[in-house]
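One structure is given below, encoded as structure tokens.
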Amino acid sequence: MKCVSCSDEYPEPEIIDNVAYFVCSSCGHLHEVNNYKDLTKDQIIEKIEAAFSGVTLGDGIGLFEAQAIDDYETEEVQKRRREDDEKINWKSIAYDVLQSCQSSLSFFDADGMRFHLPAYIIGSIKGEVDDPIFHLTNMGSYMESRLVSLNVEQHKAIIEYLTWCLTEDEYSYDYPNISRALAEYWEKQYKTRKKHM
């Protein structure tokens, strides 16, 4: 992982109480990652797949339906577009289709987000789809309302994904937003939901 200040490689982190401290040997910059686990891309993908296994769309807003909403189509057109939506297996949605429907992330309801989110996350890890980081880190009442369908295991998998992103160079621009969202939303929601199990 490269230092966000000078772009030199960080040495291996020192880990104290599940916090990884990456200290740049060249400039001294400190990058902290809470709840650190040294996970590979494949391990993150496995965690997302396990947490979202069996999730179906149900009555949620589908991918093409969301595109129709984005295009200000009539309800009749939205219903017709929904007929083409995948409703059973989110893994069967092709990456090129997800990429061409990236704006759908802004128009899903809670069930639509729960169904499509793992496909976007895994597609982005594999480099096939733009990442959904914006939709997981720019929290507010609208975004939070689209995450209410997530269960404890799904929250935990997303926390692990976001924490993993904090150790990947391609997300360095988003480190502050990811850290803030983890601390102010994801970890609090996870603890609250776990308490009510």
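If Glu128 meets every condition in (1) outside any loop (DSSP other than H, G, I, E, B); (2) at pLDDT 95 or above; (3) in the same structural domain as Glu46 (by TED's automatic domain parsing) apart from one, which number is that one?
Looking at each condition in turn, Glu128 falls short on (1).
Please name all residue pairs, on different chains or six or more residues apart, with Cβ atoms under 8 Å, provided the first residue is in region 179-195 and is closer than 16 Å to Asn151 by Cβ and the second residue is outside any helix (DSSP H, G or I) and modelled with pLDDT of 90 or more.
Gln189/Leu147; Arg193/Asn151
Rundown of residues vs (1) buried (at least 19 other Cβ atoms within 10 Å of the Cβ); (2) modelled with pLDDT of 95 or more; (3) not in a helix (DSSP H, G or I), yes/no style:
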residue: Ser104; (1), (2), (3): yes, yes, no
residue: Ser124; (1), (2), (3): yes, yes, no
residue: Glu153; (1), (2), (3): no, yes, no
residue: Thr167; (1), (2), (3): yes, no, yes
residue: Ser172; (1), (2), (3): no, no, no
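Among the numbered criteria (1) under 24 Å from the mean Cα position of the chain (by Cα); (2) in contact (Cβ under 8 Å) with a residue 24 or more places away in the chain, which one does Arg82 miss?
Result: Arg82 passes all but (2).
Of all the residues that make up region 135-150, how many are in contact (Cβ under 8 Å) with a residue 12 or more places away in the chain, hydrophobic (A, V, I, L, M, F, W, C) and over 18 Å from Lys47 (Cβ atoms)?
Of the residues in region 135-150, 2 are in contact (Cβ under 8 Å) with a residue 12 or more places away in the chain, hydrophobic (A, V, I, L, M, F, W, C) and over 18 Å from Lys47 (Cβ atoms).
For region 1-53, how many residues meet the condition of being closer than 30 Å to Lys87 by Cα and charged (D, E, K, R)?
5
The values are calculated or read from the model by the stated rules, or taken from the named source; none is laboratory data. Everything numeric here is computed off the predicted structure, so don't read it as measured data. Cβ atoms come from the backbone with ideal geometry, glycine included; neighbour counts cover every protein chain shown.
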